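Visitor: One structure, as structure tokens, below. Some questions next.
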Amino acid sequence: MNSFLLIIVFLHLCWVSLSLSAETVCIESERETLLKLKHHLIDPSNRLSSWNASLNPNCCHWYGVLCNNITSHVAELHLRTPSPLYYESLFEYFYEEAWEEYTRRAFTGEINPCLVDLKHLNYLDFSYNLFQIPFPSFITTMTSLTHLNLSNAGFVGNIPPHIGNLSNLLYLDLSDAANGIIPSLIGNLSNLLHLELTGYYYENVDWLSSLSKLCYLHLSNTRSIPSFLGSMTTLTHLDLSDNGFMGYIPSQIGNLSNLAYLDLGYVVDGTISSQIGNLSNLLYLDLQSYYSFIGNYDWLSSLSKLEYLGLGGANLSQSFQLLHTLQLLSSLKHLHLSECTLPRYNQPSFVNFSSLLTLELSYISYHSTISFIPKWVFGLKKLVSLFIYRNYFEGPIPDGLRNLTLLENLDLNENSLSSSIPHWLFGFLSHLKFLDLSYNNFQGVIPDDLGNATSLITLYMLHNQLEGLIPTSLGKMASLVKLDLSHNKLEGPIPTSLGNVTSLVALDLSDNQLSGNLTLDYYGSNVDGEHPKSLGKLSSLKILMLSSNQLGGNPFKSLGSLSKLSYLHIDDNHFQGVVDESHVENLTSLKVFYASGNKLTLKVGRHWHPTFQLTRLDMSSWQLGPNFPSWIHSQNELQYLVMSNTGILDYIPHYFWEACYSLEYLNLSNNHIHGKIENSLSNPISVWTVDLSSNHLHGKLPFFSSQVARLDLSSNSFSSMNDFLCCKKIEEFNLYNLNLASNNLSGKIPDCWIKWPNLINVNLQSNHFVGNIPLSMGSLAWLQFLNIRNNSLSGIFPTAMKKKNNLISLDIGENNLSGTIPAWIGEKLPRIKILRLRSNNFSGHIPNGICDMIFLQDFDLAQNSLSGNIPNCLNNISTMLQKNKSTDLIITIDDSRLTAISIFIWTKGRALLYNSILGLVTNVDLSDNNLSGEIPRELTYLDGLIYLNLSGNQLSGQIPPSIGNMRLLESIDLSRNQLSGKIPPTISNLSFLNNLDLSHNHLEGEIPTGTQIQSFEASDFVGNNLCGPPLPINCSSNQQIPYIDNSETENGGHGVNWFFVSFTVGFIVGFWIVIAPLLIYRSWRYAYFSFLDNVCYKVRSYW
């Protein structure tokens, strides 16, 4: 009997052996099913090229297909597309490139229901694709499945409840698989061992309690952590991170005695339960949160197997003995304390973390400022990774770091470390692979010892104060992949030895003071008998940034050979020369090219097609014209295009608008482009941002789609906007920035603004509009900036402004508006910063409501017919007080510096344009009105005011002595009034004053002395009864200072200046005394000219 059994076993083993040795050949019907599946999938990278029955009939050898070795049935389908992960420490361009590659590989299309014909399929993975189709409900009928992963597959809608019918499932991952709700019938999957359901919100997760075999659970966005989880004792891995629930961690979680992994990261609120200390098998514990409080920390000491501990964001301010407790965790290898609040006192000088490999102390805070790296860190001699960024630690890099000789990763960025970079850093720490010293205050030169760090892969030193030359020893760093030395003060040429670092993938030297040429033939001195290689030999380089330096020459003679280069930034240098087709033909991988601010010329053939496909291009200030560059037509992936100031003298061809369907940003400003755009359009322009300003375009304004958000057509010759503004084809536009300034638009402003509800900025200045401001402008609920200055508008102050409580800037100056300034102006426009009504016909009093505009920075009512007193409440305008003055340099629209606001301020008869520092400017201009009364003392309380102009009024009384408190004043004009008394001596306190005009008043006495006062012209004081410098009248003499009658100048005249009258009369009389005899007496004339000829002859002889 035993022999018979042995024979049976032997025969069975032989059969199995023969089955395994034979090649597995797929079943024909299943092969046809796979081909149907492929037919409906969109495979942009052709990953399924092996799915071809004629070339390879055995589907078991196809990509992603695994067959059962015994039955030959298709058992597994692996059609996942790995997606890139974003790490902040990497160049963002790497992620962008990886994401583009991912989108080129991910499957789209449809999943054919024929998939259910694979009756023996037990493993299906379609994760991380881009299907954008409803969740395929037929999958819920595939009961043979034991492993199903549809996470991040791009499905939409709800997950079918019948998913609960897949009773054989052991593994289920539906994380972010759809955007609906999770069906409770998943609780029927009683055999599940692994479950991931992140990316959903759950009303109720009680069904989890029925999954009695579950070992791995990852959930997110539960309203609370259910207490019944404490009874799921089979769990070994529990991840509830990023839940965002409110409340406490339930104590029952301490019952999960088999847990090895517990992630409760980002608990919003609550005290951490000490019951976690019962989980004696834990290897990984993450409790990082926005704010959690650890009072009793003793329970941590019982986690003797713990290898990873994350307490980021925890309030440890009362945990004075925490570090001593953590010493008891003999297996601890990774400790993360980022964003923690640590106690101020009892910082030990030494702790015994015998196994610690990783320490993160970034962004920590104390109850009191501690400005140095804790000394106990320097005793962790087994550390491999140390992250101490964003702590604002001061002083030099501490010598104690040289004890950490095993360090491979050191991150000290965003501190306040200063002094020079120590030489020992690259000697003692010879194992360094990652070093980040960026965003500190390091000074001096980069030590030449840097070349000893031959293991370095990543080196960041950006945003410091480093100076001198880039060390040539960089050429020894053969492992370097990423190097960023940008935003320093480095100078001199780029060392040619850098070309030896052929492993470099990313190089950023932008924003320095580097000079010299980039030439392929420059080698410098010999090293070891070999020529150092130039930048053109960095064959692995993908990212090169040289912006904002002083580099010259033609860069493409060196860089044109970099075939892997994807991102090239060379803008704002001194590059010059001609770039032709041969210079760029090898840049086949180029995607992003920024090269503005140079003197380069592109000369290519009319039918040139570049070998690259760009997504972003900026060639501002190149010479591309006179013809419109036809090669742009081939760049059909462009999203960002700037060709401003490139000498184009052509019209925009029809094909351009058809080819720019992917464009999001277009700037062709400051050229000489001409013609009518509407003649070259077959469809409305749909680019997000369009800037065609400062050209010679004319005709009607072109049609734009509702997708356009920013439009600048200023400084052209467009003549009609009715069809544009009142377009009947589109009910509502999304435009928020409209600039039509300086065109030939005329007639009344169309009353169709209700179609443009999202407008934030409207600029119609310097056109030829007439009539009233349309009432429909009152429908622009989001309007913040309105500029209609320099037109011929009439009527009263626009009542449409009553509804504009978001308005920040209103400029309707230089029109023909009349009537009074309404009393409601301060109440209805509370956020206004710029109010300019100058050069109109407004009359009446200045309403006290102006004083409610507490954010006002530019207040200009000049050249109207306003009367009455200056309001004595102007000191309520708090932004004109020095303590409340704005610190924003630029006033922008929607936080975009591309749409910065600019204004003109008149001083000393000149208009000054402000835009780059507009946020710092404060101005009050009430000149050339009929204002009377005294200058209110309250006006002098505005100690943050820079420009003050009250000239050309009928103001009387004395200049307030408190004017000396306005210490930021740069310009004061009080001329052509009826001010009397003495000039207050305090005016000499105004040390920033560069313009002062007190002329033509009734002022008397001595001009105060002071460096600023005596530097002004005498004309700034004439027309008064004043003496002393800069006037030529001496106050010390006993003669009486002549009184100057200003009665003839009170209405704007300047009186008679007898000095100039007598000078003119004397010149005329003297001239005719000499000339008249020459005209009358011929003999005198001959004698005179003979004398001149004799003098000229002698002069020529001498020379």
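Visitor: Once the Cβ-Cβ distance between Glu581 and Gln132 is put in as r, and R0 is 41 Å, what FRET efficiency do you end up with, to the nearest 0.05?
Guide: So, using R0 = 41 Å, E works out to roughly 0.50.
Visitor: Just to confirm my numbers, what's the Cα centroid distance between the stretch 131-157 and the stretch 999-1017 in Å?
Guide: Result: 86 Å between the Cα centres.
Visitor: Starting from the Cα of Ser304, step 7 Å along the direction of its Cβ; do the same at Asn758; then give the gap between the two resulting points in nm.
Guide: 6.4
Visitor: While we're here: Taking the Cα-to-Cβ direction at Lys803 and at Ser956 and moving 7 Å from each Cα, how far apart do the two end points lie in nm?
Guide: Going by the 7 Å Cα→Cβ label model, 4.7 nm.
Visitor: Continuing with this model, one more query. Determine the distance separating the Cα centre of the stretch 166-182 from the Cα centre of the stretch 921-958; give it in Å without decimals.
Guide: Comparing the Cα centres of the stretch 166-182 and the stretch 921-958, I get a distance of 73 Å.
Visitor: Residues of the stretch 952-992 with amide nitrogen under 12 Å from the 7 Å Cα-to-Cβ point of Arg937?
Guide: Correct set: 960-963.
Visitor: What length, rounded to one decimal in nm, is gained on full extension from Ser280 through to Ala1018, with 0.36 nm per residue of separation minus their alpha-carbon distance?
Guide: 256.6 nm
Visitor: In addition: Return the distance in nm (one decimal) between the two label points of a simple spin-label model at Tyr95 and Asn258, each offset 7 Å from Cα along Cα→Cβ.
Guide: Those two pseudo-labels are separated by 3.8 nm.
Visitor: For Ser331 and Thr234, compute 0.36 nm times the residue count separating them, minus their Cα-Cα distance, and round to one decimal in nm.
Guide: Stretched fully, the Ser331-Thr234 segment lengthens by 32.5 nm.
Visitor: Scan around Ile652 for amide H atoms under 5 Å from its own, H built in the peptide plane at 1.01 Å from N, and keep only partners 5 or more places away or cross-chain.
Guide: Result for Ile652 returns His674.
Visitor: May I ask you to compute the full-extension gain from Arg47 to Phe372, defined as 0.36 nm times their residue separation minus their alpha-carbon distance, rounded to one decimal in nm?
Guide: Extra length available between Arg47 and Phe372 comes to 111.6 nm.
Visitor: Can you check what the net charge comes to around Leu410, using other residues whose Cβ is under 11 Å from the Cβ of Leu410 (Lys, Arg +1; Asp, Glu -1)?
Guide: Local charge sum for Leu410: -2.
Visitor: Taking the Cβ of Phe992 as the centre, find all other residues whose Cβ is under 10 Å away and add up their charges (Lys, Arg: +1; Asp, Glu: -1).
Guide: Taking every other residue near Phe992 into account, the sum is 0.
Visitor: For Glu637 and Ser980, what is the calculated FRET efficiency with R₀ set at 60 Å and r taken between the beta-carbons, to the nearest 0.05?
Guide: 0.25
Visitor: What FRET efficiency would be calculated for the residue pair Leu913, Ser430, taking the C-beta separation as r and a Förster radius of 45 Å, to the nearest 0.05?
Guide: Rounded to the nearest 0.05, the efficiency is 0.20.
Read the figures in this text as sums done on the coordinates, not as results from a lab. Only a predicted model underlies this, so the values are computations on that prediction, with no experimental measurement involved. Methodologically, a virtual Cβ is constructed for each residue, glycine included, from the backbone with ideal geometry; neighbour enumeration extends over all protein chains shown.
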